[in-house]
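Participant: For reference, the structure I am asking about is given below.
Each reported figure results from applying straightforward, stated rules to the coordinates on display, with no laboratory input. The structure presented is a predicted model; accordingly, all values stated were derived computationally and were not measured. Cβ placement follows ideal geometry from the backbone for every residue including glycine, while neighbour counts extend to all protein chains displayed.
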Amino acid sequence: MTEYKEKYLKYKTKYLSAQNTLHGGGKSDIVILHSPNPMMTQEETSQHNRFLLDEINKIGTVHHYFLKFGTFDKSFKIKNLSFENTTHNLNKYFESKSLTNTIIICFEHASPFGLDFVNKYPEKCQTIICYPLRLYTKESLDRYIWKYREQKGWDKHVSQKYSLDDYLLNINDKRLDELLLDRANNKFIVYSVVEYNLRKQFDKIPTIFKIPTHLFSRLDLHFAGSIGRNFERKEIRDMKGIVTKDDALLQSFMGTFAHIQHDEDLLNANGVDTNLSTHGMDINQQIKYTNIRIHYYIGDFEQQSDLDLLDLIKCIVSK
């Protein structure tokens with residue numbers, strides 16, 4: 001695969017690299033919003049995307065932004081997990097760097113926070129890319145709680161010392177500080193606090209986009225990968241109520257259908273209906289029509305999707 005990557009990047013992007021130089025490539029400001037994962041250090045988070053980061057560094061001037069609750073070495077309060085607080089802090093960062101007309105690339109769970117920021121400050125950004133945007137809905141939130149409460153997943157596989165109600169569903173700053181004092185032994189619980197509070201804000205994630213928005217939509221369509229993630233891991237199988245391999249595949253397919261339906265809803269909300277065309281639209285309608293692109297990302301083919309992401313960034317910079 002390494003040989004394939006090198007050959008692909010050498011020949012596939014040769015023209016785009018030339019165009020990049022002609023149009024002043026390397027001068028575009030690119031802000032990377034790293035996925036919040038308080039189980040990992042900044043270095044570990046960066047290393048996880050090392051190939052992408054090394055290649056993006058060749059394309060523009062890259063600024064790395066880690067959310068306040070986003071890495072193992074940072075302490076935070078419950079209020080810091082809100083979109084409002086994150087957008088406020090990110091705006092201060094943009095002002096300190098005098099960033100305008102910026103390309104924002106959001107990795108994984110940073111995507112909803114990035115979408116909220118560009119919705120509030122569209123004048124500061126030319127494009128946002130979510131790589132990928134996962135499915136955040138009331139149904140996914142309810143299922144998240146169900147597997148921990150009704151399926152007893154929290155008590156069996158997370159913690160018997162720290163209760164689900166007090167240390168996740170109704171956590172406060174005092175109990176969060178308690179977890180952070182022994183962070184090395186409570187890494188997954190702290191991660192769950194971040195994850196749960198993100199999922200709770202599903203109805204705040206913008207669905208109408210004011211600037212060109214590229215959403216990579218992650219689908220789990222690989223047989224071995226779906227079985228490995230959902231059936232062969234005993235704790236996951238138990239929490240999700242999976243009995244057979246067919247159950248695991250069925251759940252994966254249901255999740256895929258829900259995600260594609262959500263994508264269609266976003267397209268239609270932004271004026272992209274398969275039964276419509278731009279012919280006859282006024283200029284404002286045409287602008288709205290161009291503000292969303294959805295790219296499909298097969299969960300177990302990350303390396304191919306990485307190359308697709310790089311090609312997209314080069315196309316944007318070369319415009």
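Participant: Between ASP182 and ARG134, what's the calculated FRET efficiency when r is the beta-carbon distance and R0 is 25 Å? Round to 0.05.
Facilitator: Between ASP182 and ARG134 the formula returns 0.30.
Participant: Now for a separate question. Specify the inter-centroid distance of the range 68-133 and the range 235-249, based on alpha-carbon positions, in whole Å.
Facilitator: What the calculation gives is 35 Å, centre to centre.
Participant: Could I ask something else about it? Stretched out fully, how many nm does the piece from ALA269 to HIS88 gain, at 0.36 nm a residue minus the Cα gap?
Facilitator: Full extension of this stretch gives 62.5 nm more.
Participant: Same structure again: What order do you get for 73-84, 205-216 when each peptide is scored by the mean count of other beta carbon atoms within 10 Å, highest first?
Facilitator: Ranked by mean Cβ neighbours within 10 Å, highest first: 205-216, 73-84.
Participant: Take ASN172 and ASP247, extend 7 Å from each Cα along the Cα→Cβ direction, and tell me the distance between the two endpoints in nm.
Facilitator: The two pseudo-label positions are separated by 3.9 nm.
Participant: Full extension from ILE208 to LYS152: what is 0.36 nm times the residue separation minus their Cα-Cα distance, to one decimal in nm?
Facilitator: Extending this stretch completely gives an extra 16.4 nm.
Participant: Considering only the other residues whose Cβ falls under 9 Å of the Cβ of ASP247, what net charge follows from Lys and Arg at +1 and Asp and Glu at -1? The partial results should precede the final answer.
Facilitator: On the way: positive: ARG237, LYS240, LYS245; negative: ASP246.
Around ASP247, the charge tally is +2.
Participant: Karplus couplings for the range 254-265 from phi (6.51 cos²θ - 1.76 cosθ + 1.60, θ = phi - 60°), rounded to Hz, Gly and Pro as x?
Facilitator: These are the phi-based 3J(HN,Hα) values: 4, x, 5, 4, 4, 5, 5, 5, 4, 4, 4, 4 Hz.
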